[in-house]
1. Can you name every residue in the stretch 107-155 that is open to solvent by less than 50 Å² (accessible area, probe 1.4 Å), assigned to a loop (DSSP other than H, G, I, E, B) and modelled with pLDDT of 95 or more?
2. Name the single residue, out of those in the stretch 25-66 being in contact with a helix residue (DSSP H, G or I) (Cβ under 7 Å, 6 or more places away or on another chain) and assigned to a helix (DSSP H, G or I), that is most open to solvent (accessible area, probe 1.4 Å).
3. Which one is most open to solvent (accessible area, probe 1.4 Å) among residues in the stretch 1-24 that are modelled with pLDDT of 95 or more and over 14 Å from F119 (Cβ atoms)?
4. Any residue in the stretch 127-138 that is within 25 Å of Q85 (Cβ to Cβ) sitting within a Cβ distance under 6 Å of a residue that is among the aromatic types (F, W, Y) and at pLDDT 95 or above? List the pairs, counting only those 6 or more apart or interchain.
Amino acid sequence: MSEFHEHPNIRTAARYHQAVSRFALGEELAAFFHPDAVHTQLPNALFPDGTVRHLPDVIAAAQQGHKLLTEQHFEVINAVAADAQVALEVTWSGTLAVSLGDLTAGQVLRAHIAAFLEFRDGKIIAQRNYDCYERLRPTAPSETDRQAGGGKSSP
């Protein structure tokens with residue numbers, strides 16, 4: 001990824017994704033954003049209606065994410081910059097800390113992401129994410145779970 005780091009906004013975008021990977025919260029996370037920042041997440045498997053968040057909501061969502069995941073990792077695959085805009089191709093994986101619907105704690109989720117960031121004064125003023133999650137499948141029931149259910153297994 002070193003060839004991507006020639007543009008200052010790409011360097012900032014990469015550092016931002018590294019910080020999010022390690023669950024940066026509060027002021028550490030806010031430092032990447034312009035005070036008027038807006039983060040838009042287009043509809044996807046986890047947010048079917050999408051989301052639009054201003055900076056305080058971005059910080060709150062990061063705190064909530066830290067409660068839902070034991071770990072996460074972002075890898076910037078490709079990056080392109082033009083003036084104050086950066087386009088990123090990113091892969092993400094996250095391990096659930098708790099069960100979420102049919103998904104169980106310990107399950108790893110994966111997504112392929114296109115992120116478009118706009119910068120003002122060296123800070124992110126707008127971010128639009130197109131998150132393509134790999135199929136969200138419940139984990140197969142364990143032998144103990146099947147025995148508890150009377151020996152029946154699901155097809």
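The values are calculated or read from the model by the stated rules, or taken from the named source; none is laboratory data. What you see is a predicted model; the values in this text were computed from it and never measured. Cβ placement follows ideal geometry from the backbone for every residue including glycine, while neighbour counts extend to all protein chains displayed. Side chains included, ligands, DNA and RNA excluded: accessible areas come from the protein's heavy atoms. Shrake-Rupley method; radii C 1.70, N 1.55, O 1.52, S 1.80 Å.
1. Selection gives Q107, G122.
2. Among those residues, the one meeting the criterion is E28.
3. Top of the filtered list is R22.
4. Matching pairs, first to second residue: R128/F116.
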